[in-house]
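Just below is one structure, and these are the notes that go with it.
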Amino acid sequence: MDERVEADVILDVVFERGLLFLVVANVGERPAHGVRVKFAERFSGVGGAKRIDRLALFRQLEFLAPRKSIEIFLDRSAAYFARGEPTRLTAAVSWRTTDGERRRTTILHDLEIYRDLGYIDREVPPSGRSA
């Protein structure tokens with residue numbers, strides 16, 4: 001079968017104005033079933049209050065539609081780095097195709113590249129006023 005029309009699941013990192021997000025995405029043209037993401041490292045986010053590597057989303061995502069992504073807030077970058085969380089994340093991603101074939105990929109992200117990036121916090125305008 002032509003791989004371009006299969007499900008293709010990735011784990012990406014997004015840095016936006018000092019915020020870090022993890023994104024689970026099916027960049028393929030067919031649904032992905034039984035999506036699992038297993039991290040080699042233990043790490044926490046949301047100010048250190050939540051074990052991100054243990055989220056149910058990474059262990060129980062039964063269906064991911066084609067071209068769909070799910071964005072997970074990891075943390076403010078400054079807080080994440082200040083706590084000494086791991087900057088190299090290795091994710092083993094697996095899923096089944098519609099035909100029941102198992103697919104796997106390993107994705108490595110080095111969050112260290114975001115440590116020195118500058119960003120501007122945008123202020124929220126007071127209620128009733130537009131910016």
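The values are calculated or read from the model by the stated rules, or taken from the named source; none is laboratory data. Since we're looking at a predicted model, the values are computed, not measured. Don't worry about glycine lacking a Cβ; one is built from the backbone with ideal geometry, like all the others, and counts go over all protein chains shown. Keep in mind that these areas ignore ligands, DNA and RNA; they rest on the heavy atoms of the full protein, side chains included. Shrake-Rupley method; radii C 1.70, N 1.55, O 1.52, S 1.80 Å.
Note on ARG17: accessible area is roughly 110 Å² with a 1.4 Å probe, heavy atoms of protein only.
In segment 19-37, whose amide N lies under 17 Å from the spot 7 Å out along Cα-to-Cβ of ARG104? List them in ranges. Backbone N within reach: 33-37. Between VAL27 and GLU62, residue separation times 0.36 nm minus the direct Cα-Cα distance comes to 11.0 nm. Seen from a random direction on average, the alpha-carbon convex hull of the chain projects onto 10.0 square nanometres. Per residue, the convex hull spanned by the Cα atoms of segment 57-96 amounts to 102 cubic angstrom.
Within the chain, the longest run free of exposed loop sites, counting GluC sites (Glu not before Pro) that sit outside DSSP helix and strand states (H, G, I, E, B) and have at most 15 other Cβ atoms within 10 Å, spans 42-100. Estimated from helical segments only, the mean residue ellipticity of the chain at 222 nm is -2000 deg cm²/dmol, where each DSSP H run of four or more residues counts as -39500 (n - 2.57). With 0.36 nm allotted per residue and the present C-alpha distance subtracted, the ILE120-PHE15 stretch has 36.6 nm of extension available. Relative contact order, whole percent, for segment 64-119 stands at 31, derived from Cα pairs under 8 Å and 6 or more residues apart. Estimated at 0.36 nm per residue, the fully extended path between ALA82 and ARG42 surpasses their Cα-Cα distance by 12.8 nm.
Surface composition of the chain: carbon and sulfur atoms hold 49% of the protein heavy-atom accessible area at a 1.4 Å probe. Computed with a 1.4 Å probe over protein heavy atoms only, the accessible surface of the chain comes to 61 Å² per residue. For the chain, the relative contact order works out to 28 percent when only alpha carbon pairs closer than 8 Å and six or more residues apart are counted.
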